[in-house]
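The values are calculated or read from the model by the stated rules, or taken from the named source; none is laboratory data. Bear in mind that the values here come from a model prediction, so they are computed numbers and not experimental data. Positions of Cβ are backbone-derived with ideal geometry, glycine not excepted, and every protein chain shown enters the neighbour counts. Ligands, DNA and RNA are stripped out before the accessible areas are found, and what is left, the full protein with its side chains, is counted by its heavy atoms. Shrake-Rupley method; radii C 1.70, N 1.55, O 1.52, S 1.80 Å.
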Amino acid sequence: MLKIYGIKNCNSMKKAFDALQAKGLSYEFHDYKKQGIDADTLKIWLKEIGQDKVLNKKGTTWKKLSEEEQTRALSSEDHLIEALIAQPS
């Protein structure tokens, strides 16, 4: 079964749900804002699609972090994963 990760109220997720339903595809949805996300999954995502796609620097959550917190998150993969787990949005 297809597994989708996202935030349920996101417009992109709503479009994805509609497209999948229109094609008759079943899926499992994981709301990482409510259910969290684990380090192993994040490591795979970072390896496969890269930091620029995983980390939303345009979002309000990132912008609300202090410059020190942002610098620390970007200093290593482990620190980035730690930040993404703490702030999944």
**Request:** Could you check, for the range 31-46, whether at least one of its residues is at pLDDT 95 or above, open to solvent by 90 Å² or more (accessible area, probe 1.4 Å), basic (K, R) and part of a helix (DSSP H, G or I)?
**Result:** no
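Does D52 qualify as being acidic (D, E), at pLDDT 95 or above and either assigned to a helix (DSSP H, G or I) or surrounded by 14 or more Cβ atoms within 10 Å (Cβ to Cβ) (or both)?
Taking the combined requirement at face value, the residue does not satisfy it.
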**Message:** Checking A86 against (1) loosely packed, with under 15 Cβ neighbours inside 10 Å; (2) of a type outside the set (D, E, K, R); (3) more than 28 Å from K14 (Cβ to Cβ), only one condition comes out false. Which one?
**Reply:** (3)
**Fill in**
Scanning the range 8-27 for residues that are under 30 Å from D78 (Cα atoms), outside any helix (DSSP H, G or I) and open to solvent by 90 Å² or more (accessible area, probe 1.4 Å) gives K8, N9
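Based on what the data block shows, is I7 β-branched (V, I, T) and touching a strand residue (DSSP E or B) at 6+ places or on another chain (Cβ under 9 Å)? Spell out how you get there, then give the answer.
Working: β-branched (V, I, T): yes; touching a strand residue (DSSP E or B) at 6+ places or on another chain (Cβ under 9 Å): yes.
Against the criterion (β-branched (V, I, T) and touching a strand residue (DSSP E or B) at 6+ places or on another chain (Cβ under 9 Å)), I7 qualifies.
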